[in-house]
1. For ILE73, all conditions in the list (1) in contact with a helix residue (DSSP H, G or I) (Cβ under 6 Å, 6 or more places away or on another chain); (2) at pLDDT 95 or above; (3) surrounded by 15 or more Cβ atoms within 10 Å (Cβ to Cβ); (4) not hydroxyl-bearing (Ser, Thr, Tyr) hold save one; what is the number of the exception?
2. Which of the residues belonging to segment 162-187 are surrounded by fewer than 20 Cβ atoms within 10 Å (Cβ to Cβ) and within 22 Å of ILE278 (Cβ to Cβ)?
3. Mind counting the residues in segment 216-234 that are in a strand (DSSP E or B) and within 12 Å of PRO258 (Cα to Cα)?
4. Would you mind stating whether GLY145 is more than 19 Å from the chain's Cα centre (by Cα), within 18 Å of VAL185 (Cα to Cα) and either not in a helix (DSSP H, G or I) or not charged (D, E, K, R) (or both)?
5. Does segment 96-139 hold any residues that are more than 15 Å from the chain's Cα centre (by Cα), surrounded by fewer than 24 Cβ atoms within 10 Å (Cβ to Cβ) and outside any loop (DSSP other than H, G, I, E, B), and which are they?
Amino acid sequence: MPSTKEGPAFAGMDQTANRKSSHIELVLNEKIDYLKSTGFEKYEFVHNALPEMDFAEIDTGVKFFSHKFSAPIIVSSMTGGFERAGRINSAIAELCRERKIGMGVGSQRQALQNGDYLESFKIVRRIAKDIFVMSNIGAAQVADGLAIKEVGRIIEMVEADALAIHLNALQEFIQPEGDRNFRGVLKGISKLVKSVKVPVIVKETGAGIGAGAAKRLIEAGVSAIDVSGAGGTSWAAIETMRRADRRVGEKFWNWGIPTADALAQVNALPSRKKIKLISSGGIRDGIDVAKSVALGADLCAGAQPFLKALENGGTEGLIREFDNWVEELKGVMFLTGSRNLSQLKKAKIVKAAS
């Protein structure tokens, strides 16, 4: 990536906004999912024919850091930094306010480059003053030595309750203008953990965080890990469609750790109890949420289904999609005799018959 006087992390201002816009268009209009599954189909709950409970008594609430969520669901870091992003973030913030859940904004790298689209990020807090909000910056910018004052700017921009750092080595490798220098990412994360006043969450972008990487992140002091495994949106696929020559991208279309496998790996670590664990990557309904919780997740994140629901049905469609997820989650809880999420974590889940 070409360098400017502000350093390589801040090159290509207009290019970043255009790239963000093209990402949304590709997610909405092209087939960009992994060709392999998340792995959740390998698991099924043991049906409880005698739940001995009233469906109306089911409590899906969960505390995440200092915030109470109505359900273990967060709308994953998605967008910001171009004109249409403001409308998307506005609708998502409205959903999160109405249903008392959290959200993440997309990478705020563009907002550090110039002030053209600051409102696409700031609108979240103006609409939803009390929800849990994650700020967001990329690993490549952390590796470049992103200044603490700049991290402070993006946190302050959305009055964030946490800072998310996204790991996207696969995406950067395939991306035509990608930054392939990831040397120093872990050191940068460790520095931010010690410097910022909010919890630091590290998330993948669809290729998965396995046991080895998770162990190093926990040792670095992060507060939460979002495994963001393979099986949902393939960022390799998205970036492949932006390349003139697609050969290399097509070879890596399915690269990554399936979400269920990544979740199981991280949950099995002896140091797992030191962090919050988030499941994402191909979460498509409330049953996936329930399986994630039973496999160890504290929270589940989704992006593509909510974006498509908003595109096809507006804010009402977005809220309806969320409500369907909650109803499905409650259905699993009812049929396993789980009155709350603590009991769902202990519900019997087994490998499905092949």
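The values are calculated or read from the model by the stated rules, or taken from the named source; none is laboratory data. Computed from a predicted structure; not experimentally measured. Note that each Cβ is placed from the backbone with ideal geometry, even for glycine, and that neighbours are counted across all protein chains shown.
1. (1)
2. If the condition is that a residue be surrounded by fewer than 20 Cβ atoms within 10 Å (Cβ to Cβ) and within 22 Å of ILE278 (Cβ to Cβ), then ALA169, PHE182, LEU186 are the ones that fit.
3. Looking only at that region, the number is 2.
4. Numbers: more than 19 Å from the chain's Cα centre (by Cα): yes; within 18 Å of VAL185 (Cα to Cα): yes; either not in a helix (DSSP H, G or I) or not charged (D, E, K, R) (or both): yes.
Yes: the conditions hold for GLY145.
5. ARG97, GLU98, ARG99, ARG109, LEU112, GLN113, GLU119, LYS122, ILE123, ARG125, ARG126, ILE127
Rundown of residues vs (1) free of Cβ contacts under 8 Å to residues at least 40 places away in the same chain; (2) touching a helix residue (DSSP H, G or I) at 6+ places or on another chain (Cβ under 7 Å), yes/no style:
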residue	(1), (2)
SER271	no, yes
SER279	no, yes
ASP285	no, yes
LEU295	no, yes
ALA301	no, no
PRO305	yes, yes
LEU318	no, yes
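A quick yes/no check of all residues on (1) free of Cβ contacts under 8 Å to residues at least 12 places away in the same chain; (2) in contact with a strand residue (DSSP E or B) (Cβ under 6 Å, 6 or more places away or on another chain); (3) buried (at least 24 other Cβ atoms within 10 Å of the Cβ):
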| residue | (1), (2), (3) |
| --- | --- |
| SER195 | no, no, no |
| VAL202 | no, yes, yes |
| LYS215 | no, no, no |
| ILE218 | no, no, no |
| ALA224 | no, yes, no |
| ASP245 | yes, no, no |
| PHE252 | no, no, no |
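Residue by residue, here is whether (1) at pLDDT 95 or above; (2) of a type outside the set (Asp, Glu); (3) not in a helix (DSSP H, G or I) holds:
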{"position": "GLY206", "(1), (2), (3)": "yes, yes, yes"}
{"position": "GLY212", "(1), (2), (3)": "yes, yes, no"}
{"position": "ARG243", "(1), (2), (3)": "no, yes, yes"}
{"position": "ASP261", "(1), (2), (3)": "yes, no, no"}
{"position": "VAL266", "(1), (2), (3)": "yes, yes, no"}
{"position": "LYS273", "(1), (2), (3)": "yes, yes, no"}
{"position": "GLY281", "(1), (2), (3)": "yes, yes, yes"}
{"position": "ASP288", "(1), (2), (3)": "yes, no, no"}
{"position": "SER292", "(1), (2), (3)": "yes, yes, no"}
